[in-house]
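Here's the structure we're looking at; comments come further down.
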Amino acid sequence: APAPAAGGTTLHVDADSRPGGDGSPAAPLRTIGTALERLDGAGGPVTILVHPGIYRETLRVADPPPGTSIRAVEPGRAIVTGARPLTGWVRVGSDLFRALWPTPMAPSVVPKEWPSDLDIGEPALRREMLFVDGRRYEQATDGGAPAPGRFVVNDTRRTIDVRVPPGTDLATAAVEVGERDELLTATGADGLTIAGLVFERAASPMTGVAVAIADSRGVTLSDSVIRDNNGTGLSVARSTGVTLERNRIIDNGSTGMGVWQVTGLRMGDNDSSANNWRGAAGGFTDWAVAGAKLLQIHDAVIERHRAVDNATHGLWLDTDIARVAITGAELTGNQGAGLMVEAAQGPVTVAGARIVGNANGVVAAGARGVTITGSTIACNRDAQLVVTGAQDRPVTDHRDGTVTPANNEGWTLTGNRLAARGLGSFLVATTVPSGYWDRFLNTLTARDNLWAHARRRDAFRGPWGWLADFPQWQSATADTGSRFEDGDKPCRSVAAGH
């Protein structure tokens, strides 16, 4: 078992223990919430050791003793869930089952401050979730009989219909539905550690969060899994000295992880993949969602981050971004940008990244002082580098109020491999007017890059659709020591993982 805090109290929790335990190894408490109630007046750090089991509860951690920790005895086997079992299934057709759905769930509400022209379909606002033998089924909202692997809720008659694959019997299967909105909320923590737990199946609204940490310092979340939640998986806000390591924040209905107003952020070996399935169901894949969205972040180190196959952007740095270093990122297969840097005063450095097979590779949206070195940006559908965004956008430092105008200036591209293959795909493209495009080009430092395109030489698209070939690009940017290749070899090499 993990070692308890030196000189502190240790409480054991086991969901299968007998009632009336005192938290000792021989008589564990039955719920994590009961252990948290004992934090008040503890007089020192408390280590809560959570044994394997299913914990159907919402955890509240407020102003815990400094150095408190909540740890799974066996990482990955202590599961905090927002779901409950649903029984009473009756077969009403071939592979079609029905059960009572006694409590209608209010749909998500679009915040009033969001743009009025956002097109968010009803499926993105629903909150019902169904799991059969561990598999999440898709929700149908058309009111008809669902297709295999899908379910439909009828609020009028308060029933749920599910069509299952042949051979599945819901009378004997393990069936659960999402119920609780939140799984863990921690505020006012100093030196809190959460390690090895699984947080899953919260029925949060679209803008809700399963695991939320705020107004804290020195917090560490490690070796944990946050998955299959209806809204955002993880939120960390208004905090300092935050460490996120070896977490898997995957398959959440909205943003995987959102980090806001954090100074001193260290992220290592985290995975924020396959998120925004709920948003995508209603056509909502932009504006406020990403595999990982970091806003108002200062002094961050992000190592070996993985954001793959999100139904939105992969990694999005948005507004008041200063002194952020990203190394070894894997940003592939996302339906939006692999990496977006927006309204950033910089500097931002990206080294050794693999940004492949996204809708766009890197999107610069009013970002200063961005350096990309030794990275592969290739085979992205529309463009490998997009220069866009509002110009002279004022960025306010959230700590001291300093205002800096953010434009796409002061970029550095060295030692990278940038390749495209489709006729409609470009190496570099822009939506900004000529004057701002010239400022990007004139302040760009580029050298020792490999540029390649399988089907066109005029692969650099400037304002108003003007096209340039590599010699023209090189002349405009003084991209020294770089070269251009024809053919599909670079993209084929990238697809093979080389």
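Charges at C-beta only: +1 for Lys and Arg, -1 for Asp and Glu. How large is the resulting dipole of the chain about its Cα centre, in Debye rounded to 20?
Computed about the Cα centre, the dipole is about 680 debye.
For the chain, give me the percentage of DSSP beta bridges that are antiparallel, rounded to the nearest 5 percent.
Around 15 percent of the beta bridges assigned by DSSP in the chain are antiparallel ones.
In the calculated pair distance distribution of segment 396-498, what percentage of Cα-Cα distances lie above 25 Å?
Percent of Cα pairs beyond 25 Å in segment 396-498: 28.
Compute, for THR232, the solvent-accessible surface of its heavy atoms (probe 1.4 Å) with the complete set of protein chains present, and express it in square angstrom to the nearest 10.
For THR232, solvent-accessible area is about 20 Å².
Starting from the residue with the highest accessible area, list SER475, SER17 in decreasing order, probe 1.4 Å.
The ordering from most to least exposed comes out as SER475, SER17.
For segment 19-93, report the translational diffusion coefficient in µm²/s to the nearest whole number, using Stokes-Einstein at 37 °C, 0.692 mPa s, and a Kirkwood Rh over Cα pairs.
After rounding, the answer is 231 µm²/s.
Considering only DSSP beta bridges where both residues belong to segment 68-217, give the percentage that are antiparallel (nearest 5).
60 percent
If we count every other residue with Cβ under 12 angstrom of VAL110's Cβ, Lys/Arg +1 and Asp/Glu -1, where does the sum land?
Neighbourhood net charge equals -3.
Ignoring ligands, DNA and RNA, what percent of the 1.4 Å accessible area of the chain is carbon and sulfur?
The value for the chain is 50 percent carbon and sulfur by accessible area.
Just need log10 I(q)/I(0) for segment 221-311 at q = 0.23 Å⁻¹, Debye formula, equal scatterers on the alpha-carbon atoms, no solvent, rounded to two decimals.
With one equal scatterer per Cα and no solvent, log10 I(q)/I(0) is -1.09.
Given a 1.4 Å probe, how much area per residue of the chain is accessible, in Å²?
So the chain comes to 39 Å² accessible per residue, rounded to a whole number.
On a C-alpha basis, how far is the centre of segment 416-461 from the centre of segment 61-128 in Å? Whole number, if you could?
43 Å
Work the Kirkwood hydrodynamic radius out for the chain: mean of 1/r over every pair of different alpha-carbon atoms, inverted, in Å.
After inverting the mean inverse Cα-Cα distance, the result is 24.2 Å.
Quick one: what does P(r) look like for segment 21-175 with 10 Å bins over all Cα pairs, in whole %?
Each 10 Å bin holds this share of Cα pairs: 9, 28, 22, 23, 16, 3, 0.
Using Cα pairs closer than 8 Å and at least 6 residues apart in sequence, work out the relative contact order for the chain, in percent.
8 percent
Once the whole set of protein chains is in place, how much accessible area is left on LEU294, using a 1.4 Å probe, in Å² to the nearest 10?
The accessible area of LEU294 comes to roughly 0 Å².
On each of the three principal axes of the Cα atoms of segment 58-123, give max minus min coordinate, whole Å, ordered largest first.
55, 41, 21
Counting Lys and Arg as +1 and Asp and Glu as -1, what is the net charge of the other residues whose Cβ lies under 9 Å from the Cβ of ARG304?
-2
Which percent, nearest 5, of DSSP beta bridges in segment 388-455 are antiparallel?
Just about 35 percent of them are antiparallel.
With label points built 7 Å along Cα→Cβ from the Cα atoms of SER94 and THR207, find their separation and express it in nm.
4.6 nm
Summing +1 for each Lys or Arg and -1 for each Asp or Glu, what net charge is found among the other residues whose Cβ lies under 12 Å from the Cβ of VAL289?
Local charge sum for VAL289: 0.
Compare LYS293, LYS489, LYS112 by solvent-accessible area with a 1.4 Å probe and give them largest first, with all protein chains kept in place.
The ranking, largest first, comes out as LYS112, LYS489, LYS293.
Report, in whole Å, the centroid distance computed from the Cα atoms of segment 199-225 and segment 312-366.
That distance is 23 Å.
Would you rank LEU450, LEU59 by solvent-accessible area, highest first, keeping every protein chain in place and using a 1.4 Å probe?
Descending order: LEU450, LEU59.
The values are calculated or read from the model by the stated rules, or taken from the named source; none is laboratory data. Source: prediction; values computed, not measured. Cβ coordinates were reconstructed from backbone atoms using ideal geometry, including for glycine residues, and neighbour counts include every protein chain displayed. Heads up: the accessible areas ignore ligands, DNA and RNA and are worked out on the full protein's heavy atoms, side chains in. Shrake-Rupley method; radii C 1.70, N 1.55, O 1.52, S 1.80 Å.
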